[in-house]
Amino acid sequence: MAMAAASVLVLVVLLPALAAGQQMESFSANDGAWRPSDSNRTLVSKKGDFAAGFVPSSSQGQGGKFRFAVWVVNSSDDSTVWYAHDPPSYAAVEGDERSVLSIDAAGRLSWTGAGGGNSSTTPLWSLNSSANASVLSLNDSGSLLYGGGGWSSFAQPTDTLMALQAMPGNGNGTTLTSRNGRFKLVNSMTLQHGESMYANMTGAAPLRNLTADGTLQLNGANPLIASDKGALRLRRLRLDDDGNLRLYSLQPRTRQWRVVWQLVQELCTIRGVCGDGAICVPQGADSKTCVCPPGYHRPQAAEGGCVPKRSYSGKGDDDKFVRMDFVAFSGGALTSVSDPGGYVTNLTPQNLGDCETRCRRNSSCVAFGYKFGGDRACLLYSRLVDGYWSPATEASTYLRVVASDRDSNNFTGMTSMIDTVCPVRLALPVPPKQGRTAIRNIAIITALFAVELLAGVLSFWAFLRKYSQYREMARTLGLEYLPAGGPRRFSHAELKAATKDFSDLVGRGAYGKVYRGELPDRRAVAVKQLHGVGGGEAEFWAEVTIIARMHHLNLVRMWGFCADKDQRMLVYEYVPNGSLDKYLFGGGEEADSSSSRGKPPLLDLHTRYRIALGVARAIAYLHEECLEWVLHCDIKPENILLEDDFCPKVSDFGLSKLTSKKEKVTMSRIRGTRGYMAPEWVIHREPITAKADVYSFGMVLLEIVSGRRNYGFRQDSVGSEDWYFPKWAFEKVYVERRIEDIIDPRIVQAEAYDDDAASSATVERMVKTAMWCLQDRADMRPSMGKVAKMLEGTVEITDPVKPTIFCVQDD
């Protein structure tokens, strides 16, 4: 691994220097021999975006190995997109500094190295062509061409697919292979490690190509879209050495590659990420770590793998089983095990004890898995491969170790019962012979026993009353359980220090105030101090756990919480650009006069479209993709935050779940903000569904296009027939056909808007989508998933019905 890292560093340093040397637009027989020692000699494309030539394949100095490769010029990261190899093995061709690339008179391009013995040269790599077309060139899409286009490097990809490069077909089905050779994309559809499949494209459809605007075209399925779709940037799809398929976009200013899409979201589900015997544990959303289970260790000779510290006989008399919750091996699917190595036996035992007995009787069984779901699923493992931790496994693995092992176990939940009553031994004296004394002693003992029993019952009742919540009992006895990878619990003192005694107020909303703070690890956070939140600490923790599991590119990430006595606070990532409202209405009366950052920049139409699409995807995720159904109930520009690149982040998306259970079921209290509330909030005979959020999003979408407040518009238009904002927008677009009247006047003035086809189509699509969202009947509004597709342009939008006038009067 150290050698590979050093190789990448050498490439990053040397590639810009190579591109800056002697540049050739083509290479032919007249140019003479080309050697790796000619470090200043490169082949470049016409626009200068790509270059080809010899690059070091390792960190060795003189006498090292070289590859003939194509790379992106002026890129700060590893930018190699192709290298000479031997198909179909994908093994890279390497030669030393004495090797020669040349074209002979017959039109044959050959790369030869210094031979040994009686041979003067050794063939490394070659291409054939006719003598009159024997020219090697590099086009502006990054494809290396030879023989007048008869051969193209795009037909023999390595680990990278460039824009406009079609996926080739070949005999063995492999289309891309990672540089370390461990992972491959088979049939343009399936990711595999060896013979084990661990991921495939959406809808099991083969990948066709990557378009220039950031779209992955699939055969017979909806395309996959990058987060920066539409931007004119250089993109590449690469199968990385960690086994994940990622789409990269080259940032124009920094010249760095940024990940804008990836196929596998949970890295630990990739086969082969950890060695045998190790367990993969996720660390946030973009990293993981490999740990050894109890009774195992990692020897110095092993690369990431774990082996037992001591061995048992296998007879079943000198071993024991250690329970590891949420841990599985060999793919971990207890219902459909994919185990090409034959390391797993799937059984249907009578119970857990039967499953354990079968493993103990089998000397080759090193562990067994059991799912506590009533289906009696049991797996016997003969080898520990592809281990990972995830609550999605819904199972436990029982690891077989020697009986004398005393290693601590980090994969346990609250599995032991709480013992709250201690046994009491009573020793009674031998009664005396006198009858009266015996009666008196018995009476005294009975009275003392009754008092003691009464005191015990009263104490136990007081204990249960004070600690009725199971969570509080666990904290008192030191058995509190927080799952790995979950939200962090902060104390009130920690957050008070992080926010400098809650002095930096950055916002306030319906659920409380928001303060800016900084954690000891230098991370900037936003601390929301909640008020009006009911429920005990156990209920609050359950709701926070649900919110923390909601991971989406366009949702604000929650890092932790605080539940000290009556204090309820949530800790979010800090989004530096603030909320959307100051960019839409910042020039009006609603601008924050106390802001010291000056007037916010004007958002162009393309940026507003990306913001609207990102918000739609986030709300669709809450409605349709979460494990639990979540309503936002307060969608408005103030709850849409913007990052440095104006990527939208929806906030306050789970706070409605923190209210009381009774209120969450009946929805007796009107929630939301005036101007964004759906008609069913005030028409109490209508049920509240996800379509209420669709209505609010439609109103926000009109505000994004026009730059006007919907209720401010009504106040300015009282007395005219156009007082209802959606009705006014509908008539401007569909009756008067004056689409420029609905666009933010600042955009028209700043960009000299000339009603070009692309801008008009974008605005019309956004207005059409908003009109369907603002229908007064909930059943006529589309779902948020369909709204996102309407904005993407992947579904046809019919002409909407004019929205009916609706408003909520002030009290």
Scalar couplings 3J(HN,Hα) for the range 191-204 by Karplus 6.51 cos²θ - 1.76 cosθ + 1.60 (θ = phi - 60°), nearest whole Hz, x for Gly and Pro, are 8, 9, 10, x, 9, 9, 8, 10, 6, 9, 5, 4, x, 6
Cα→Cβ-extended label distance, 7 Å offset, between residue 350 and residue 798, nm: 6.2 nm
Once you put a point 7 Å from the Cα of residue 624 and another 7 Å from the Cα of residue 204, both along the Cβ direction, what distance in nm separates them? 2.1 nm
Take every Cα pair under 8 Å in the range 269-402 that's 6+ residues apart, average their separations, divide by the length, and report that relative contact order as a whole percent. 33 percent
Give me Rg over Rh for the range 269-402, both radii from the alpha carbons and Rh done the Kirkwood way, two decimal places. 0.95
Could you list, in their original order, any pairs among 691/768; 582/732; 691/727; 599/768; 636/768 whose Cα atoms are separated by more than 22 Å? 582/732; 599/768
Please list, by residue number, everything in the range 354-374 whose backbone N is under 16 Å from a paramagnetic label point 7 Å out along Cα→Cβ of residue 315. 360-364
Would you kindly state how much longer the chain becomes between residue 573 and residue 735 on full extension, computed as 0.36 nm times their sequence separation minus their alpha carbon distance, in nm to one decimal? 53.8 nm
At most 12 other Cβ within 10 Å, DSSP loop - chymotrypsin sites (Phe, Trp or Tyr not before Pro), the range 372-404: 372
For the pair residue 121 and residue 77, how long in nm is the line joining their label points, each one 7 Å along Cα→Cβ? 3.9 nm
FRET efficiency for residue 289 and residue 464, using Cβ-Cβ distance with R0 set to 60 Å, rounded to 0.05: 0.90
Computed from the beta carbon distance with a Förster radius of 60 Å, FRET efficiency for residue 392 and residue 30 to the nearest 0.05 stands at 0.45
Would you please name the GluC sites (Glu not before Pro) within the range 764-796 that are DSSP coil residues with at most 12 other C-beta atoms within 10 Å of their C-beta? 796
Modelled FRET efficiency - R0 56 Å, residue 445 with residue 643, Cβ distances, 0.05 increments: 0.15
Contour minus Cα-Cα distance for residue 505 and residue 180 (0.36 nm per residue): 112.0 nm
By the scheme Lys and Arg +1, Asp and Glu -1, what is the net charge of all other residues having a beta-carbon under 12 Å from that of residue 239? +2
Amide H to amide H, which residues 5 or more places from residue 330 or on other chains are under 5 Å from it, using H placed in the peptide plane? 385, 386, 387
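Each reported figure results from applying straightforward, stated rules to the coordinates on display, with no laboratory input. The structure displayed is predicted, hence computed values, not measured ones. No Cβ is skipped: glycine too gets one built from the backbone with ideal geometry, and neighbour counts run over all protein chains shown.
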